[in-house]
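Shown below is the structure under consideration.
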Amino acid sequence: MCFEAPTGEQEFFVTVSSAKRRILLFQDRLRIGGTERQTLFLARWLQNAGHTVGVLVTEPGGELWDQLCEAGHQVLSLQQRSYGLPLLAPGLFRTVRAWQPDTILAMGRTANCYAGILQRAFPGVCVVGSVRTGKQLFPLHRWSLRHVRRIIVNSYWWKARLLSEGFPPEQVEVVRNALALEGIRANGEAPETGDGRHLRREFGVDPNACVFLSVAGFRRGKRQIDLLHLFSEARRSCVAPPMVLWLVGEGPMRARCERVARRLGLRDAVRFSGYRADPLPFYAAADVAVSASREDALPNFLVEAQASGLPFVAFDCAGVKECGQPGQSCVILDRSDDPGFINALSTFAGTPEMRREFGEAGRIYAAKEFDPVRQARLFESVLLR
């Protein structure tokens, strides 16, 4: 059931259950994104483990809002309606005091700006911060993290970065993203998605074509425009087989990307498929995952692609190298190595046996490193320690 946080003099009472802990997951808005999907996964897992779990957001709505509500989670919104101001958190202290959590886990940049303030306001509550972004930490974010009990990062890259900035080693814990997409198996076997041929037929793709896939929101940092240019260059340098690019996702940059694709003469080679709640059929139908982003810390898309048996090509940033095994299951290029990226696309397109070899290695690696049960238990152990 969904609730709104108390406003004015209104009181908000929650019956204390017999669960082991009262855990509040704090997020800004439940939009589509890797962090938000991890929040959804954790809420489900912790609740099934016997804890009382609430999800606190600064503004209501978002694509994942209904999923949490339908699953029976307590979802509390500080704003009565969305004003497009995620940092606005009216009644935050009052809501936390009424809900009486034992532990608060801040997920996302906005929530983590408040994490240190919450820890100082509620010293008896264990407030856990997190860092999952590929962007720089701004001063308030950094100050806040210094005042929480623990910080969970999703890559060893971020742990090394925080330690270099003077954070104590005992404060920083590494818990990688969990394979939270339903349908992907955590035992190294292929996902239950069929062979993908029906989707290729539906889209009119040549059976011999190499299909490159990107699943990401259309925003500036994801750099889909750069990806279109790189793909166009690779396509010109690779005579056979045909090369196709599928872009799955929505966002403010989509219309501009479609104009760029037309200008580059890629109308028949690029398909914009919009947001898909279940991208598994696309993983099953594609041959190679690609990302030109330079702001991802440990993108779920690349982890899911590896688990689905797809090799990937990406630029090196933050913890991207930890998504796979460079040279064995993926190709990761220096941030400025556009020629290397183009060459990797052409090589994968013309070498199906390499795609299969890299894909199988990636499936095994992802099953081991991102097993959802293992990662969820690690999260739980940090929250309860």
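Values in this text are rule-based calculations from the coordinates and carry no lab data. Being a predicted model, the structure only gives us computed values, none of them experimental. Cβ atoms come from the backbone with ideal geometry, glycine included; neighbour counts cover every protein chain shown.
Using 0.36 nm per residue, how much length does the chain from R97 to R256 gain when fully extended, once their Cα-Cα distance is taken away?
Taking R97 through R256 to full extension adds about 52.7 nm, to one decimal.
Using just the helices of the chain, give the 222 nm mean residue ellipticity in deg cm²/dmol: DSSP H runs with n ≥ 4 each add -39,500 (n - 2.57), and the total is spread over all residues, rounded to 500.
It lands at -11500 deg cm²/dmol.
To check you understand DSSP bridge types, tell me what percent of the beta bridges within segment 197-369 (both residues inside) are antiparallel, rounded to 5.
Numbers: 0 of 20 bridges.
Approximately 0 percent, going by the DSSP bridge assignments.
Something else: Whole number please: convex hull volume per residue of the Cα set in the chain, in Å³? Kindly include the intermediate steps, with their values, before the conclusion.
Numbers: hull volume 51.7 nm³, N = 385.
Hull volume normalised by residue count: 134 Å³.
Below 16 Å, Cα to Cα, which aspartates and glutamates can K368 reach? Residues fewer than 8 away in the same chain don't count.
Leaving aside aspartates and glutamates fewer than 8 places away in the same chain, those within reach of K368 are E189, E304, E322, E360.
Separate question: Rounded to the nearest 0.05, what FRET efficiency is calculated for A160 and D337 with R0 set to 30 Å and r the Cβ-Cβ distance?
The pair A160/D337 has a calculated efficiency of 0.85.
Right, next: Based only on other Cβ atoms within 10 Å, what is the fewest-to-most ordering of M253, M243, M107, M354?
Working: M253 19, M243 27, M107 23, M354 14.
In order of increasing Cβ crowding within 10 Å: M354, M253, M107, M243.
For segment 197-369, what is the convex hull (Cα atoms) projected area averaged across all directions, in square nanometres? List each step's numbers first, then the result.
Numbers: hull surface 35.1 nm².
Seen from a random direction, the Cα hull of segment 197-369 projects 8.8 nm² on average.
Please list, or write none, the lysines whose alpha carbon is within less than 18 Å of the alpha carbon of K159, excluding same-chain residues fewer than 8 places away.
Within the straight-line limit of under 18 Å, K159 reaches these lysines: K135, K321.
Taking every Cα atom in segment 188-296, find the radius of gyration and the maximum pairwise distance Dmax, and write them in Å.
Taking only Cα atoms of segment 188-296, I get Rg and Dmax of 13.6, 41 Å.
Oh, and also: For Y283, Y156, what ranking results if the residue with the fewest other Cβ atoms within 10 Å of its Cβ goes first?
Y156, Y283
If each of Q136 and H198 carries a label point 7 Å out from its Cα toward its Cβ, how far apart are those two points in nm?
4.9
Could you work out the relative contact order of the chain, using alpha carbon pairs under 8 angstrom and six or more residues apart, expressed as a whole percent?
Relative contact order comes out at 15 percent.
Right, here's the next one. So how do V148, V172, V57 line up by other beta-carbon neighbours within 10 Å, fewest first?
Ranked by crowding around the Cβ, least crowded first: V172, V148, V57.
Suppose we keep just the DSSP beta bridges with both residues in the chain; what percent of those would be antiparallel, to 5?
0
Place a +1 charge on the Cβ of each Lys and Arg in the chain and a -1 charge on the Cβ of each Asp and Glu, then give the dipole magnitude about the Cα centre in debye, rounded to the nearest 20.
For the chain, the charge dipole is close to 780 debye.
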